[in-house]
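Below you'll find the structure, written out as structure tokens, and then a few comments.
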There are 2 protein chains.
Amino acid sequence: MSIDAVFAELTSFLGDRVSRSKSDLEQHGGSETHFPTILPDLVVWPESTDEVSRILRICHKSRIPVIAFGAGTSLEGHTTPLNGGVSLDLSRMNRLKMADPGDMLAVVEAGLTREDLNSELRATGLFFPVDPGANATIGGMASTRASGTTTVRYGSMRDNVLGLTVVLADGRVIKTGSRAAKSASGYDLTALFIGAEGTLGIITELTLRLHGTPEAISAGVCAFPDLASAVATVQQVIQMGVPMARIEFLDADSTRAVNDYAGISLPLCPHLLVEFHGSDSAVEEAAECFGEIARDFGASGYESATRTEDRNRLWKIRHNAFYAVTALRPGANALVTDICVPISKLAQAVEETRAEIAESGLPGPILGHVGDGNFHAILLIEKDNDAEMATAKALAERMSQRALALGGTITGEHGIGIGKLGLMQEEHGDGWTVMGEIKRALDPTGILNPGKLVRQN
Amino acid sequence: MSIDAVFAELTSFLGDRVSRSKSDLEQHGGSETHFPTILPDLVVWPESTDEVSRILRICHKSRIPVIAFGAGTSLEGHTTPLNGGVSLDLSRMNRLKMADPGDMLAVVEAGLTREDLNSELRATGLFFPVDPGANATIGGMASTRASGTTTVRYGSMRDNVLGLTVVLADGRVIKTGSRAAKSASGYDLTALFIGAEGTLGIITELTLRLHGTPEAISAGVCAFPDLASAVATVQQVIQMGVPMARIEFLDADSTRAVNDYAGISLPLCPHLLVEFHGSDSAVEEAAECFGEIARDFGASGYESATRTEDRNRLWKIRHNAFYAVTALRPGANALVTDICVPISKLAQAVEETRAEIAESGLPGPILGHVGDGNFHAILLIEKDNDAEMATAKALAERMSQRALALGGTITGEHGIGIGKLGLMQEEHGDGWTVMGEIKRALDPTGILNPGKLVRQN
């Protein structure tokens, strides 16, 4: 079937929720970072799992690629339709279908964003903790195995999704997992689809684990004389079992960027931003314990903020860090790296990365979720400067290779997309071949997000 | 190649670590529960991943079944060699290869038992928390996605394994995961092999997440007027976010059994056994909070035990509960059920189960890891009494179906094995077909633990 015939067939039941307008195609063919725009042939906006299933059956029969699209906030070009086809936009499947305070879980459609989810949950006293920064969709966060500032306490998407509804390449619909807290029943299909980047099936619904809003929250920021002392503090608090809810690192360059952006005046040195959740006394104890360790490593100025507005100001600084950093070089493209290493190797990984970036001459502030051993350098590249882009890509590749040499991984939370496909063999060896075998078993005609995650034949 | 030729080829490099003696075959063909003994053709004791790979290559070429065998403590006949073949006993691969206090992880061979692991870890101040009761091997625990008394706090095997070395059906060796705390790099192969019951590959090595020995531990037991009040207490403490390290339920019949077995005199009513881990003040606060909630629901007699010997006595009671219950009916076979439901459905599930067991006339005490919504009935069947066995199997099947109707799962921690294969379609629908597709992709000749977990063709 030609793409015109597919358009006609899709229109027969989706009506005006199928588009080939230039603006729709462009919006779904671009990305937030440096990848080139490639247009899909069509964009569709299904409103139910049934509609997704019908779309998949048609595309499967016609061998038309299907690329799931959520909020478009991924950083590695995950939604770029490399071979054209149908961009399947889930943004109209954005209902919170059920929130159950008794079982502390929610059932959501894949296109609901995490901010909307948490707004809707506010009255229940529960929240969904995974926080990648961007206001991504829950389905997109599952598909990239997202994590973020609170993962050190609450885990990543891997830990907070109990079950999925998935439409397979041929249109079959399966449900994985259950509402129980655990299960030993068969292969862990939930885990298989989480992080599969839409290459094995389209996630349309998710059962999420919720958490109680903590009785008390305390947060603070403190300045360190150097990178090594900040990282040593992180390692020590983790080993002491101090219950951190967030522990974020900003290097001196990132600090300068957030100062300029937010009109504040933190000292120009490395910082840790921390937060504690629990009972009043537990939070106080944890904050004191953190403060002591930080002071032992030469930190100054740690103060706990328990007022909501003070904490919100603090985390706004962190969440705006990406924009603050990009504002350091107006008009530049950003290449955002993302590696994760064992905590004992964090100081070495950050220090060597910093030295290499300094040598390259590119602006590249470093920041990250250091409680997980996960950090980013935001490399700023002058628009259309191919030499700088080549330098940035080489830096990024060496960061990934360093992560592997240190026992870590090429991506802590951003995923593979287009950007890291070339490093998969190096990280996984024959395991990458196994991923290809699984892909062919579940999507034999290769219509689901082709060109991503597995080796191309 | 005939089995004789395979024997000769295996002997050429394993020497006397290949056996076809009757006692070895019988030891590897039986099970701890009610399943019939079926003998393998050979037993092998490899000592390295390389040897496992050579064994698999030979068996793959000859289409000889290979069944991984750890400590033989599984309860659903997982290691029964339904079609004969090679029982691959990993008990000589029992080294703790590395323990890293800095990164709080260990690398172990699959045949190491959890008690030996924790003995070896003692000096480090770290421990591996997953505790299924039996002294299983770590590889076996991974393969059945084991959990247990501490899962409410520390998670199951799914949450505590960072990476695996796996030998595939054709002898290829892959490494999954990394030493980093998280990753977004490709399909989650670690999660796929955990709970696969040896049907997708043979786990030979594991990287485990360790936890710091808590500064303080407090435990206690309290008696409830009825089942509903005990379960309501569980639900309330979970919702309040009281940090429990263990919360175990014994019904009145189980209490009677442990009284007889341990020579103690708990009142003959339902009990909760609890434990708290943390700082001195955190533990005290949690224990107080638990005590208050329990008293609100009519509990009596809660006292915290912080002395190690008192706690050990308490958990010995719990760990011996299986033997205590089976001693209620000397010489009987045990059919141990295992379902897991959402916490809000726990009271209903336990109450309905208790009523059905009472009606059946079989002894069937109920106990379990109620913080996870997971519980067991231990059905005691007179030896060679086919009518009782049929009654017990029907009860077990109805328990599983009730779990599914309540949004739960047919097994919280024991796995599928032989015992629950007949319920997989009911739980997973087309998801079970997908599991078969994955199985055929990774083990096209079907030599790995044939007859288990996926649909037979």
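The values are calculated or read from the model by the stated rules, or taken from the named source; none is laboratory data. Only a predicted model underlies this, so the values are computations on that prediction, with no experimental measurement involved. Note that we place each Cβ from the backbone using ideal geometry, even for glycine, and neighbour counts take in every protein chain shown.
Output the helices (runs of 4 or more DSSP H) that fall wholly within segment B:358-457 and possess 2 or more residues being farther than 30 Å from residue B:166 by Cα, or say none. Show your work before the answer.
Values: elements: B:386-405, B:424-428, B:430-442.
Counting at least 2 such residues, we get B:386-405.
Identify all residues within segment B:277-298 that are closer than 17 Å to residue B:239 by Cβ and of a type in the set (A, V, I, L, M, F, W, C); write none if there are none.
Hits for segment B:277-298 are B:286, B:289, B:290, B:293, B:294, B:297.
Taking residue B:351 as meeting all but one of (1) within 21 Å of residue B:224 (Cβ to Cβ); (2) touching a strand residue (DSSP E or B) at 6+ places or on another chain (Cβ under 6 Å), write down the number of the exception.
That leaves (2) as the condition not met.
Among the residues of segment A:342-353, are any in a helix (DSSP H, G or I), free of Cβ contacts under 8 Å to residues at least 24 places away in the same chain and not polar (S, T, N, Q)?
Step one: list which residues in segment A:342-353 are in a helix (DSSP H, G or I), which gives A:343-353.
Now narrow it down to the ones that are free of Cβ contacts under 8 Å to residues at least 24 places away in the same chain: none.
Looking through segment A:342-353, none of the residues is in a helix (DSSP H, G or I), free of Cβ contacts under 8 Å to residues at least 24 places away in the same chain and not polar (S, T, N, Q).
Basic (Lys, Arg) and either in a loop (DSSP other than H, G, I, E, B) or at positive phi (or both): is that true of residue B:145 in this structure?
Values: basic (Lys, Arg): yes; either in a loop (DSSP other than H, G, I, E, B) or at positive phi (or both): yes.
Yes; evaluated as a whole, the condition is true for this residue.
Specify which of the listed residues (A:219, A:257, A:228) is more than 14 Å from chain B (Cβ to nearest Cβ), farther than 30 Å from residue A:89 by Cα and in contact with a Lys or Arg (Cβ under 6 Å, 6 or more places away or on another chain).
Details: A:257 fails: in contact with a Lys or Arg (Cβ under 6 Å, 6 or more places away or on another chain); A:228 fails: in contact with a Lys or Arg (Cβ under 6 Å, 6 or more places away or on another chain).
Answer to the check: A:219.
Here is a list: B:361, B:301, B:331. Which entry is touching a residue at least 60 places away in the same chain (Cβ under 8 Å) and more than 23 Å from residue B:153 (Cα to Cα)? Before you say what the answer is, go through the steps one by one.
Values: B:361 fails: touching a residue at least 60 places away in the same chain (Cβ under 8 Å); B:331 fails: touching a residue at least 60 places away in the same chain (Cβ under 8 Å).
After ruling out the rest, the residue left standing is B:301.
All but one of (1) outside any helix (DSSP H, G or I); (2) free of Cβ contacts under 8 Å to residues at least 60 places away in the same chain; (3) of a type in the set (Ser, Thr, Tyr); (4) in contact with a strand residue (DSSP E or B) (Cβ under 9 Å, 6 or more places away or on another chain) hold for residue A:187; state the number of the condition that does not hold.
Only one criterion is unmet by residue A:187, namely (4).
Yes/no per residue for (1) outside the structural domain of residue B:137 (by TED's automatic domain parsing); (2) modelled with pLDDT under 95; (3) not in a loop (DSSP other than H, G, I, E, B):
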{"position": "B:10", "(1), (2), (3)": "yes, no, yes"}
{"position": "B:25", "(1), (2), (3)": "yes, no, yes"}
{"position": "B:35", "(1), (2), (3)": "yes, yes, no"}
{"position": "B:64", "(1), (2), (3)": "yes, no, no"}
{"position": "B:71", "(1), (2), (3)": "yes, no, no"}
{"position": "B:80", "(1), (2), (3)": "yes, no, no"}
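Could you list all residues from segment A:390-414 that are more than 14 Å from chain B (Cβ to nearest Cβ) and among the small types (Gly, Ala, Ser)? Outline the logic, then answer.
Step one: list which residues in segment A:390-414 are more than 14 Å from chain B (Cβ to nearest Cβ), which gives A:390-398.
Correct list: A:390, A:392, A:394, A:396.
Would you confirm, using the coordinates I've provided, whether residue B:224 is under 23 Å from residue B:156 (Cα atoms) and buried (at least 20 other Cβ atoms within 10 Å of the Cβ)? So that I can check it myself, show each step before the final result.
Numbers: under 23 Å from residue B:156 (Cα atoms): no; buried (at least 20 other Cβ atoms within 10 Å of the Cβ): yes.
No.
May I ask you to list the residues in segment B:378-426 that are surrounded by fewer than 20 Cβ atoms within 10 Å (Cβ to Cβ), among the acidic types (Asp, Glu) and more than 23 Å from residue B:346 (Cα to Cα)?
Of everything in segment B:378-426, those that are surrounded by fewer than 20 Cβ atoms within 10 Å (Cβ to Cβ), among the acidic types (Asp, Glu) and more than 23 Å from residue B:346 (Cα to Cα) turn out to be B:382, B:384, B:386.
Consider residue B:200 against the criteria (1) outside any strand (DSSP E or B); (2) among the aliphatic types (A, V, I, L, M); (3) free of Cβ contacts under 8 Å to residues at least 60 places away in the same chain: it satisfies all of them except one. Which criterion is unmet?
(3)
So, of the residues in segment B:86-103 that are within 14 Å of chain A (Cβ to nearest Cβ) and in a loop (DSSP other than H, G, I, E, B), which turns out to be farthest from the chain's Cα centre (by Cα)?
B:102
Can you name the residue in segment A:104-129 that is in a loop (DSSP other than H, G, I, E, B), within 14 Å of another protein chain (Cβ to nearest Cβ) and touching a Leu at 6+ places or on another chain (Cβ under 9 Å) and is also farthest from residue A:454 (Cα to Cα) among such residues?
If we filter segment A:104-129 for residues that are in a loop (DSSP other than H, G, I, E, B), which is where we start, we get A:104, A:110-112, A:125, A:128-129.
This time we only want the ones that are within 14 Å of another protein chain (Cβ to nearest Cβ), so: A:104, A:125, A:129.
Narrowing the set further to residues that are touching a Leu at 6+ places or on another chain (Cβ under 9 Å) leaves A:104, A:129.
Working: A:104: 36, A:129: 30 Å.
Looking at residues that are in a loop (DSSP other than H, G, I, E, B), within 14 Å of another protein chain (Cβ to nearest Cβ) and touching a Leu at 6+ places or on another chain (Cβ under 9 Å), I get A:104.
Taking the conditions exactly as written (over 30 Å from residue A:402 (Cα atoms), of a type outside the set (D, E, K, R) and surrounded by fewer than 19 Cβ atoms within 10 Å (Cβ to Cβ)), does residue A:305 satisfy them or not?
Working: over 30 Å from residue A:402 (Cα atoms): yes; of a type outside the set (D, E, K, R): yes; surrounded by fewer than 19 Cβ atoms within 10 Å (Cβ to Cβ): yes.
Here the answer is yes, as residue A:305 does meet what is asked.
When you go through A:184, A:245, A:169, A:191 one by one, which is the residue that is within 8 Å of another protein chain (Cβ to nearest Cβ) and touching a helix residue (DSSP H, G or I) at 6+ places or on another chain (Cβ under 6 Å)? I'd like the intermediate steps shown before the answer.
On the way: A:184 fails: touching a helix residue (DSSP H, G or I) at 6+ places or on another chain (Cβ under 6 Å); A:245 fails: within 8 Å of another protein chain (Cβ to nearest Cβ); A:169 fails: within 8 Å of another protein chain (Cβ to nearest Cβ).
Just one listed residue meets the conditions, A:191.
How about segment B:194-216: which of its residues are among the hydrophobic types (A, V, I, L, M, F, W, C), farther than 27 Å from residue A:369 by Cβ and modelled with pLDDT of 95 or more?
If the condition is that a residue be among the hydrophobic types (A, V, I, L, M, F, W, C), farther than 27 Å from residue A:369 by Cβ and modelled with pLDDT of 95 or more, then B:196, B:200, B:202, B:203 are the ones that fit.
Testing residue A:424 on (1) under 21 Å from residue A:370 (Cβ atoms); (2) within 8 Å of chain B (Cβ to nearest Cβ), one condition comes back false. Which one is that?
Among (1) under 21 Å from residue A:370 (Cβ atoms); (2) within 8 Å of chain B (Cβ to nearest Cβ), residue A:424 violates only (1).
Here is a yes/no grid of residues against (1) modelled with pLDDT of 90 or more; (2) within 14 Å of chain B (Cβ to nearest Cβ):
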residue: A:300; (1), (2): no, no
residue: A:307; (1), (2): no, no
residue: A:318; (1), (2): no, no
residue: A:329; (1), (2): yes, no
residue: A:340; (1), (2): yes, yes
residue: A:360; (1), (2): yes, no
residue: A:374; (1), (2): yes, yes
residue: A:388; (1), (2): yes, no
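Quick one: residue A:43 ticks every box in (1) in a helix (DSSP H, G or I); (2) farther than 29 Å from residue A:389 by Cα; (3) touching a residue at least 12 places away in the same chain (Cβ under 8 Å) except a single one, so which number is it?
Status for residue A:43: all satisfied but (1).
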